[in-house]
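Okay, structure first, notes after.
The values are calculated or read from the model by the stated rules, or taken from the named source; none is laboratory data. None of these values were measured; they are calculated from a predicted model. Glycine also receives a Cβ, built like all others from the backbone with ideal geometry; neighbour counts cover every protein chain displayed. Heads up: the accessible areas ignore ligands, DNA and RNA and are worked out on the full protein's heavy atoms, side chains in. Shrake-Rupley method; radii C 1.70, N 1.55, O 1.52, S 1.80 Å.
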Amino acid sequence: MEHTITHIEIPAPDLKKAAEFYSKVFGWKVDILPDNNYAMYRMTENSGGGFDASAKPAVEGTGPGLVINVDNIPSKLNEIKSAGGKVVMDKTEIPGGFGFFARFLDPNGNYMQLHSQN
């Protein structure tokens, strides 16, 4: 048996905000399950997770570092701001040729990161 992560839950006290933000900015498909106080999201056909309305976001800079790959970090940061997120760190080079990263808070206060090779 492989010991891989199969489902990632993101705290989202406001499911509607989470659904709107991640659908708009990243194109994720989100289905809110109101009876469960939960929403399921799909990033690709085989990957996704859930938004948990009963969970609270970790304090900024703590918890797992969730990283989302994008083609253009500055453009995505503009989308994030327009959709109600907050930029915490602008595009920054990763030494050693590993590309670039940036950090943001989603509308529910989750600390997330972007990654790009260019």
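Assorted remarks:
- Selection count, region 103-118, where residues are farther than 24 Å from Lys17 by Cβ and part of a strand (DSSP E or B): 1
- Pairs with Cβ under 8 Å, 6+ apart, first in region 63-79 and over 18 Å from Glu9 (Cα atoms), second assigned to a strand (DSSP E or B) and open to solvent by 60 Å² or more (accessible area, probe 1.4 Å): Ile73/Lys91; Pro74/Asp90; Pro74/Lys91; Leu77/Asp90; Leu77/Lys91
- Sub-7 Å Cβ pairs linking a first residue in region 37-61 that is within 19 Å of Glu20 (Cα to Cα) to a second residue that is basic (Lys, Arg), at least 6 apart or interchain, are Tyr41/Lys29; Arg42/Lys29; Gly48/Arg42, ordered by first then second residue.
- Some residue of region 70-79 being within 25 Å of Thr4 (Cα to Cα) and under 16 Å from the mean Cα position of the chain (by Cα): yes
- Spans of strands (runs of 3 or more DSSP E) in region 1-102 with at least 1 residues open to solvent by less than 80 Å² (accessible area, probe 1.4 Å) and over 29 Å from Asn118 (Cα atoms): 8-11, 29-33, 38-44, 47-52
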